[in-house]
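Below is one structure, written out as structure tokens; comments come after it.
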Amino acid sequence: MRWSWRKVVAGVAGAFVAVCAWLVLQWYPIGASGRPVIVTVQAGEGLGAITNSLHRSGVLATPIAFRLDLAVEGSILVQPGDYQIAQGSSFATVRSILSNPPNVVRLAVRPGLTISEVVARMSAARGVEFGRRLQQALTPARTPSTFGGNSLEGLVGAGVYVVTPDMGPEALAREMVTRFERQARSVGLSPSSTHHNLSAYQTVIAASIVEKEGYFPVNMPRVARTILNRSEERRVGKECRSRWSPYH
């Protein structure tokens, strides 16, 4: 009987040590963190739901241990937004990231948006220095486009850009120009294309003006027609001047 009690005590002690070891491994994972993932926190979402999202994304091995950590270390206030966190991060790292503002920016670039407007939005999200470097990167000298031109106005791809903490302004500028060229090819526009007496670059400029000035789809055809009419007038005028030139 005495030997049986010793076995029970030893078993309980062993289980306690195993649980403690498991908790320590949850608090302080062994080895390097895994790949970074993006976890989205919705407005009004509680810590329970956030913890489950972290678990589904592979950031946390188990939500139970993290809830215990929050009970010991204190709760945190998480702002809505997107957070990049490495899988298998320590609880201290997870708490630190979630206790700060979202570290992922989703930049929506719609057709017609100017480079100055893009830079202003990133400056507001990432700071003036990031915006300054992005302004410098969004120039043909730093990030050339196959469509040429002395400016990248109109040569930035539309859509949503996911700007992670490790993405610099130069990488963002390259992605913007690359996305535009991919979108242009998808509609049959190449650097050598000509449409209605307009070069490819002039066509892009015209399209940007239509988006910016037309604003509403119902107005865009009228703006486009005005541009094409003026282009045709200049072409005809140039031909007439060439035909009646005394040096012709």
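The values are calculated or read from the model by the stated rules, or taken from the named source; none is laboratory data. What you are looking at is a predicted structure, and each value in this text was computed from that prediction instead of being measured. Neighbour counts are summed over all protein chains in view; Cβ atoms, including those assigned to glycine, are modelled from backbone coordinates with ideal geometry. In case anyone asks, the SASA skips ligands and DNA or RNA and just uses the protein heavy atoms, side chains included. Shrake-Rupley method; radii C 1.70, N 1.55, O 1.52, S 1.80 Å.
For the reader, a short list of remarks on this structure follows.
- The set of residues from region 45-75 being over 21 Å from residue 105 (Cβ atoms) and assigned to a loop (DSSP other than H, G, I, E, B) comprises 46, 58, 60, 61, 62, 74, 75.
- Exclusive hit being modelled with pLDDT of 90 or more, aliphatic (A, V, I, L, M), open to solvent by less than 20 Å² (accessible area, probe 1.4 Å) and closer than 20 Å to residue 166 by Cα, set 85, 50: 85
- Among the candidates 160, 177, 156, residue that is surrounded by 13 or more Cβ atoms within 10 Å (Cβ to Cβ) and touching a Lys or Arg at 6+ places or on another chain (Cβ under 9 Å): 156
- Among the conditions (1) at pLDDT 70 or above; (2) exposed (fewer than 15 other Cβ atoms within 10 Å of the Cβ); (3) in contact with a Gly (Cβ under 9 Å, 6 or more places away or on another chain), the only one that residue 204 does not satisfy is (2).
- Test result for residue 121, closer than 30 Å to residue 194 by Cβ, basic (Lys, Arg) and within 16 Å of the chain's Cα centre (by Cα): no
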